[in-house]
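Bear in mind that the values in this text are calculations on the coordinates, not laboratory data. Keep in mind it's a predicted model, so treat the numbers as computed, not measured. Glycine gets a Cβ as well: all are built from the backbone with ideal geometry, and neighbour counts include every protein chain shown.
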Amino acid sequence: MRVSLLCAENFKLDGGACFGVVPKSMWNKLFTADENNMLDISLRELLVEDGNRLILFDTGIGNKQNEKFRKNFYVADNDSLLNSFKTAGISPDRVTDVVFTHLHFDHCGGTFRIGEQNETIELFKNARYWCSKAQWNWATNPNPREKASYLTENLQPLMDSGRLNFFENEGNFTPNIYITLKNGHTDGQVIPLVKYRNRMLAYMADFIPTAAHISLPFVASFDTRPLLSIDEKKSFLDEAAQQNYLLVFQHDIANECCTVMQTEKGVRVNETGTLEHFMNEI
């Protein structure tokens, strides 16, 4: 079994949107905003080889959006995910499964890309695609709050592929990957737990996007049900502290991973570092 992280893109989001009701005087001590109040955000995708399956979680933004869209979000590169596969010496054709934590544009947009002749290219042509049934229903009948995050050019090719599959419940995906579902950020967000080298890795997606979001009140304005997010987060973090989970962050530009511990003020960050750092400790 092998676990690795691939960079899709880096981009920027508004600081207030990232931290919700928490004032800038607090979150700016943890994340430094630029002159436009924008924060650097990573898109760190999880790649897991488990037996004869190579499973990619999320695919980033991709290159299908126009220049105005990309400037709004300060998207740094068109082909970072493809380049990351090349750097790792792995052909995208080897990917057997692509699992979307959810279908917001920054999590599924790199699945299909635009080629030099303006043609649509499927990056993972041998893969099955997976998301939760609840999220698919949510994305294809969007509420006004999330509508701008669900892009037809990302969703339609998935349906047209004929290889889209759905999780209806939590459960084992492979012998070493367990799928959990969270609903505070958006309905049916997939948060996978990966058993690796006798340790449980949790890929956080937008459930806990950065180490700063470990604190319960730090909930992004993007979350459709922030009070549910807090309840889900508290339950998960209590378990993560007790079981010594390694939290793998998709969006934290500075910290790939962290462990957490129980304190008098609740669960807090214990140690941060790279995935390689923590795996070398085992």
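Each 10 Å bin from zero holds the following percent of Cα-Cα pairs in the stretch 68-132: 18, 49, 30, 3.
Have a look at the DSSP beta bridges in the stretch 90-248 and tell me what percent are antiparallel, nearest 5.
Values: 16 of 26 bridges.
Once the DSSP bridges in the stretch 90-248 are tallied, antiparallel ones form about 60 percent.
In the chain, a dipole from Cβ-located charges (positive for Lys and Arg, negative for Asp and Glu) runs towards its positive end, and of Asn83, Leu47, Val99 it is Val99 whose Cα lies farthest in that direction. Amide H to amide H distances under 5 Å link Asp252 with Ser42, where only residues 5 or more positions off or on other chains count and H is placed in the peptide plane.
For the stretch 118-234, the share of alpha carbon pairs falling in successive 10 Å distance bins from zero is 12, 37, 37, 14, 1 percent. Among the GluC sites (Glu not before Pro) within the stretch 124-216, those in coil by DSSP and having at most 10 neighbouring Cβ atoms inside 10 Å are Glu168. The phi torsions of the stretch 5-18, fed into the Karplus equation with coefficients 6.51, -1.76 and 1.60 and a -60° offset, translate into couplings of 10, 10, 7, 8, 8, 10, 8, 9, 9, 5, x, x, 5, 6 Hz, rounded to whole numbers, with Gly and Pro shown as x.
Only DSSP H runs of four or more residues enter the estimate; each adds -39500 (n - 2.57), and after division by the residues of the chain the mean residue ellipticity at 222 nm equals -6500 deg cm²/dmol.
Here the stretch 2-280 carries DSSP beta bridges of which approximately 75% are antiparallel, counting only pairs with both residues inside. Note on the stretch 205-269 and the stretch 158-179: Cα centroid distance 24 Å, given to the nearest whole angstrom. The packing ranking, built from the mean of other Cβ atoms within 10 Å per residue, places the peptides 131-144, 43-56 in the order 43-56, 131-144, highest first.
Panel note: the C-alpha atoms of the chain, placed on their principal axes, show extents of 57, 44, 35 Å (largest first).
What pairs from Lys64/Lys182; Lys29/Lys64; Lys147/Lys233; Lys29/Lys133; Lys68/Lys265 go past 32 Å between their alpha carbons? In this structure, Lys29/Lys64; Lys29/Lys133; Lys68/Lys265 lie more than 32 Å apart at Cα. Given R0 = 35 Å, the distance between the Cβ atoms of Ser161 and Lys71 translates into a calculated FRET efficiency of 0.70.
Here the 3J(HN,Hα) profile of the stretch 261-266, calculated from phi with Karplus coefficients 6.51, -1.76 and 1.60 at θ = phi - 60°, is 9, 7, 10, 5, 9, x Hz, Gly and Pro shown as x. Please work out the C-alpha center-to-center distance from the stretch 112-145 to the stretch 31-59 and express it in whole Å. Using only Cα atoms to place each centre, the spacing works out to 17 Å.
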